[in-house]
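Data first, discussion second: the structure below is written as structure tokens.
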Amino acid sequence: MPDMRTNQSRGGDMELLRSVAEQLKTPLAVIARQVELGELAGDIRQVDTTAIRTQATTALTLVESYLLGLQLLHQQTELVLEPVSVSSMLVDVAHELEGFAKQYGTGLELRIAGKYEPVMANHRGLKSALLSLGYALLEGYPLQGRKLTLAVHRTPQGIVTGLYGEYEHLSSQQWRRALELQGSARQPFAALTGGSGAGIFVAQTILQAMTTKLRVGKHLNQHGLATTLQPSQQLQLV
Amino acid sequence: MANILLLEPDNALANTYIKALEQIGHDVACCATAEEALQVLDDFRPHLVVLELQLTGHDGIEFLHELRSYPDGQNMPAVVNTNLPPQTLRPLLAVLDRDLGVKVCLYKPRTTLQQLIRVVKEQARA
């Protein structure tokens, strides 16, 4: 009898690999063309070293997150849940996304109203997922001259954290369709990104390993992708 | 020198192309979406369009159909510079050439700035 889980993992591998390979074309092209620009002008000062650094960092983050996703799909690693401060995490993620956002003419806004108890998540996993999602949204659907909001808020279902912007056209139906098309379509999430949206799917894979998932969310008139995390009961008692 | 309308969804890559084309004296207007590009047409009056086919919202083919429906856009040279790999692009070539008047299709990851500059020069003159 065929090993269903292995086959499913393999299918997942290929889908992720395809979308990551597609997504990597752009940062690598920026790096190559920037170097060439300096050579053509015969002036190294023409090279935008900030662009090269941020694009290389994006590519590395995507590769790292992809590898984590792959290990999770193959059950070669697991994400142990631990109490994590979402507020600190968002500050950290915003700081890392700052240079990239600037390059894409998008501002970043943190919306952390009030105090939040720690949530049960894996620190490395949650950070990888949020960074991958952030890079994918900033690159795929730049909000030129506007802002991408990193927010956390409380709902009866748990503590919701996500990335939001002027994505009014985004719907749950499109998200479901994108998940179906992932890996087979070159542009599975046309409403949200001109590329493969690899970072979004990598984020989804990592979040699933933490028994949560990405979904279309709305927060204070902004639309985006978010995940619901459960408060850490352990620390609540403390 | 020519007015070039660049339809490139990636901001960082667009900035690189703009610098390279402006360095050799072209004027460049850059848009990230087909909708923006159509709005820019009247004021900017490009001599040439360089475009990616994979865009958010309407894609590059839809943009070209719209462009060709305008009197000023019917004979405007257009160069495709896309991330779509050659095997995906191949079935589209006939439509791009015959119906949409695209004479040059470049595979973006493999196209150097020098190659792009050369094609722009040739097509803007055509």
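The values are calculated or read from the model by the stated rules, or taken from the named source; none is laboratory data. Note that the coordinates shown come from a computational prediction; the quantities given were computed from them, not determined experimentally. Positions of Cβ are generated from backbone atoms using ideal geometry, with glycine treated the same way; all protein chains shown enter the neighbour counts. Calculation scope for accessible area: heavy atoms of the full protein, side chains included, ligands and nucleic acids excluded. Shrake-Rupley method; radii C 1.70, N 1.55, O 1.52, S 1.80 Å.
Odds and ends about this structure:
- The modelled label-to-label distance for the pair A:Glu166/B:Leu93, using points 7 Å beyond Cα in the direction of Cβ, is 4.0 nm.
- Proportion of all alpha-carbon pairs of the range B:4-126 beyond 26 Å (%): 10
- Helix A:198-209 and the longest principal axis of the Cα set of chain A meet at an angle near 20°.
- Euclidean distance of C-alpha centroids, the range A:16-94 and the range B:1-38, integer Å: 24
- If you take all other residues with their beta carbon under 14 Å from the beta carbon of B:Gln54, and give Lys and Arg +1 and Asp and Glu -1, the sum is -4.
- Length-normalised contact order of chain A in % [C-alpha pairs under 8 Å, at least 6 apart]: 24
- Approximate spin-label separation A:Glu98-A:Lys218, in nm, with each point projected 7 Å along Cα-to-Cβ: 3.3
- Pairwise inverse Cα distances across the range B:1-74, averaged and inverted, put the Kirkwood hydrodynamic radius at 12.3 Å.
- Listed residues B:Tyr17, A:Leu214, A:Gly107: farthest to the positive end of the dipole of the protein assembly as shown (Cβ charges): A:Leu214
- Taking A:Asp13, A:Asp43, A:Asp92 in turn, the Gaussian network model of chain A (Cα-Cα springs below 10 Å) assigns the largest fluctuation to A:Asp43.
- Carbon plus sulfur fraction of accessible area for chain A, probe 1.4 Å, in percent: 53
- Of the residues A:Gln174, A:Gln75, A:Gln182, the one that moves most in a GNM of chain A with alpha-carbon contacts below 10 Å is A:Gln75.
- Taking 0.692 mPa s as the viscosity and 37 °C as the temperature, the Stokes-Einstein diffusion coefficient of chain A based on its alpha-carbon Kirkwood radius rounds to 178 µm²/s.
- The range A:134-237 has equivalent-ellipsoid semi-axes of 24, 17, 11 Å, by the square roots of 5 times the alpha carbon gyration tensor eigenvalues, sorted largest first.
- Rounded tilt (10° steps) of A:86-103 against the dominant C-alpha axis of chain A: 20
- At q = 0.23 Å⁻¹, base-10 log of I(q)/I(0) for the range A:84-193 (Debye sum, equal scatterers on each alpha carbon): -1.32
- For B:Pro71, net neighbour charge (Lys/Arg +1, Asp/Glu -1) across residues whose Cβ lies under 14 Å away: -1
- In this label model, A:Glu78 and A:Val63 are separated by 3.0 nm, measuring between points 7 Å along each Cα→Cβ vector.
- Total accessible area lost when B and A pair, probe 1.4 Å, Å² to nearest 100: 2100
- Point-charge dipole on Cβ atoms (K/R +1, D/E -1) for chain A, about Cα centre, debye to 20: 520
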